[in-house]
Ligand SMILES: Cc1ncc(C[n+]2csc(CCOP(=O)(O)OP(=O)(O)O)c2C)c(N)n1
Ligand code: SF4
């Protein structure tokens, strides 16, 4: 049985909806059944955003993942993913960007969230923002993280790459190429 | 193989309506319903067929236009958020009395937990009150299929029909299998003029007619597979699950739970079916997203002999949306957290975007409020409502669309001075115009700031009908030319803006300041 429960967390404008669209199209192409919940409206305006993404051979029932049952948390901002730790399963993988979005006055010390993350049995922090900048795609941190999490997503690499191409094809070949490169970079980080 | 498409609950309804042969979609934006209309607007087939797909100025005008379309024999879809139905309540209740010719479906999205709303009202109460049938899908596939059935039922019973969904279904996606699309209705206008002419003579007849239809609908609801028992009726405990509550129940019944369940997707409430089911058990768990609609009915009928677990006895929280976790608890299951949320994690509420024109408006508005203890800024709903929060703290009310101008007028009537109204351009064309007319009629001493950012920003940047020309609208309503100003919200203009505001606040009549700079997101 191929089955996955994933939570995507971040700040409005970081590209969570793009990621869930790519994942949805990938799973659809693989003939899987999908349920994913999104946050629209007011909460996108620089606020906390979360999306639950599930696939299964049969149609998953709930669009929200019950507590303690997420296989992976993918966080585009360190403290955003930590909010959803009660949803992570015992052997769950926590993957997070390490660059902070400090648009609130009381943002915690870097050390504080690092300590929390270090307590987890399985985790990976990625400086996705820096890699995106190096790849000359300022908004590409989400794709770096997609690459870094790909070994845990139980989806075939070719299908993800196909969905990536489709997603960005309207922006031209150059953008597609840059995104594919960022995905690969992320993937290498996960392997190293 | 049939066509599969990944669709939001909202989009499934839109696609369902298109495939059911709808000729017109009518709407005013409102989270979580906005994507229904947006989907129709972007849809290729809708373009080819030239389905009507423009925003209306508010929910009432949207529903009335749709009523005109179905009067003419075509099918129409109207979509809105729950509080939109308050605005459209007059044509809604009366459209049940007139009945319809072509199919009329209202897709109404409720927002339990008030993710982006002012209240948690449950549309099922409206349906009951107006004697209108209501479908409540559990998932996207059902949302798609029930929309077609809703159009069928609407034409069969000649009544408007509601399809109700809640935020979680509206905004979650699943793969949906599509049916063969069917053609639209031909133009076939009503010829019996007493049907839609609700003078008492006709209305009394029509109402009796509606009562007859209600009886038939109740029978339909009792017999329909839309309200269906799953599992074997045995044991001490049964579940009644409505709409998305059934999908949360299924999350556990697929793997770890064996309890019979009566799944409700259609109203009027199948009362006999519910009681017959409930009478098999000692205990009933009621799962519904929204207010305790079915639970209240069951408690009234069986509260004395049956243990009923739901929102009214504390098994589930009294307010807020139903979740898979609260469902698990209500069913006596554990969903275990293995890791806890770190303490002291700060929240991250939404904020105005950097460079937002509203911030500059609050900047000069704030000065008046600071220097004048009695000044009150009655405001409204939109991105600018964030002006309530620090660092701005520049508005004092937000009640319902349009209430800024009318409340300012009432406060001025009561002697409050200065009474300011702060309203967005789309909110103004939604329901600010008539209130402004009241103020002009009485020459009320109020100062109205229309924050014109050229869009309906809060709901994601839909067209704003104010584009037809705010100045002309205001002048046409009777605002005096010398008391109508157009300001630009920029820090470099602050002193100038403040001077105009200070002067107009002292004017003993209506002043309107159109504060104009586009939203940075468009
Ligand atoms: C009756 C009703 N319909 C719709 C909404 C959803 N809604 C809230 S604010 C808003 C429009 C905001 O547009 P505007 O007044 O131009 O302000 P902006 O967000 O652009 O600053 C809408 C559609 C609502 N709250 N109530
Ligand atoms: S979306 Fe537009 S109006 Fe809303 S906060 Fe951002 S800039 Fe301001």
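Using the structure shown, decide if residue A:91 is within 14 Å of another protein chain (Cβ to nearest Cβ), part of a strand (DSSP E or B) and surrounded by fewer than 22 Cβ atoms within 10 Å (Cβ to Cβ). For residue A:91, the condition - within 14 Å of another protein chain (Cβ to nearest Cβ), part of a strand (DSSP E or B) and surrounded by fewer than 22 Cβ atoms within 10 Å (Cβ to Cβ) - is met. Can you tell me which residues in segment B:347-368 are modelled with pLDDT of 95 or more, surrounded by fewer than 20 Cβ atoms within 10 Å (Cβ to Cβ) and more than 16 Å from ligand 2 (Cβ to nearest atom)? If the condition is that a residue be modelled with pLDDT of 95 or more, surrounded by fewer than 20 Cβ atoms within 10 Å (Cβ to Cβ) and more than 16 Å from ligand 2 (Cβ to nearest atom), then B:366, B:367, B:368 are the ones that fit. Residues to consider are B:180, B:186; find the one that is within 30 Å of residue B:98 (Cα to Cα) and more than 24 Å from the chain's Cα centre (by Cα). Result: B:186 is the single residue among B:180, B:186 that is within 30 Å of residue B:98 (Cα to Cα) and more than 24 Å from the chain's Cα centre (by Cα). Is it the case that residue B:287 is modelled with pLDDT under 95 and within 14 Å of chain A (Cβ to nearest Cβ)? No, not satisfied. For segment B:128-144, filtering for residues that are more than 14 Å from chain A (Cβ to nearest Cβ) and in contact with a helix residue (DSSP H, G or I) (Cβ under 7 Å, 6 or more places away or on another chain) leaves 6.
Taking the numbered list (1) closer than 25 Å to residue B:137 by Cα; (2) without any contact (Cβ under 8 Å) to a residue 60 or more places away in the chain in turn, residue B:263 passes all entries but (2).
One residue stands out among those in segment B:328-351 that are touching a residue at least 40 places away in the same chain (Cβ under 8 Å) and within 8 Å of another protein chain (Cβ to nearest Cβ): the one that is nearest to residue B:460 (Cα to Cα), which is B:349. Go through segment B:67-86 and give me each residue that's within 24 Å of residue B:461 (Cβ to Cβ) and away from ligand 1 (no atom under 15 Å from the Cβ). Hit for segment B:67-86 is B:77, nothing else.
Screening the candidates B:367, B:373, B:329 for the property of being outside any loop (DSSP other than H, G, I, E, B) and over 18 Å from residue B:421 (Cβ atoms) yields one hit, B:329.
Residues in segment B:444-459: is at least one away from ligand 1 (no atom under 16 Å from the Cβ) and part of a helix (DSSP H, G or I)? No - not one qualifying residue is present in segment B:444-459. Scan segment B:17-44 for residues that are within 13 Å of ligand 1 (Cβ to nearest atom) and assigned to a loop (DSSP other than H, G, I, E, B) and jot them down. Result: B:28, B:29, B:30, B:31, B:32, B:33.
Among residues that are without any contact (Cβ under 8 Å) to a residue 12 or more places away in the chain and either within 12 Å of ligand 2 (Cβ to nearest atom) or within 26 Å of the chain's Cα centre (by Cα) (or both), residue B:388 is included.
Each residue in segment B:332-364 was checked for being in a loop (DSSP other than H, G, I, E, B), more than 23 Å from residue B:118 (Cα to Cα) and in contact with a strand residue (DSSP E or B) (Cβ under 7 Å, 6 or more places away or on another chain), and 2 of them qualify. Taking the criterion of being without any contact (Cβ under 8 Å) to a residue 60 or more places away in the chain and over 19 Å from residue A:95 (Cβ atoms), the residues of segment A:122-160 that qualify are A:133, A:134, A:136, A:137, A:138, A:158.
The values are calculated or read from the model by the stated rules, or taken from the named source; none is laboratory data. Because the structure is predicted, anything quoted here is derived from the model rather than measured. Reconstructed Cβ throughout: ideal geometry from the backbone, glycine too, with neighbour counts over all protein chains shown.
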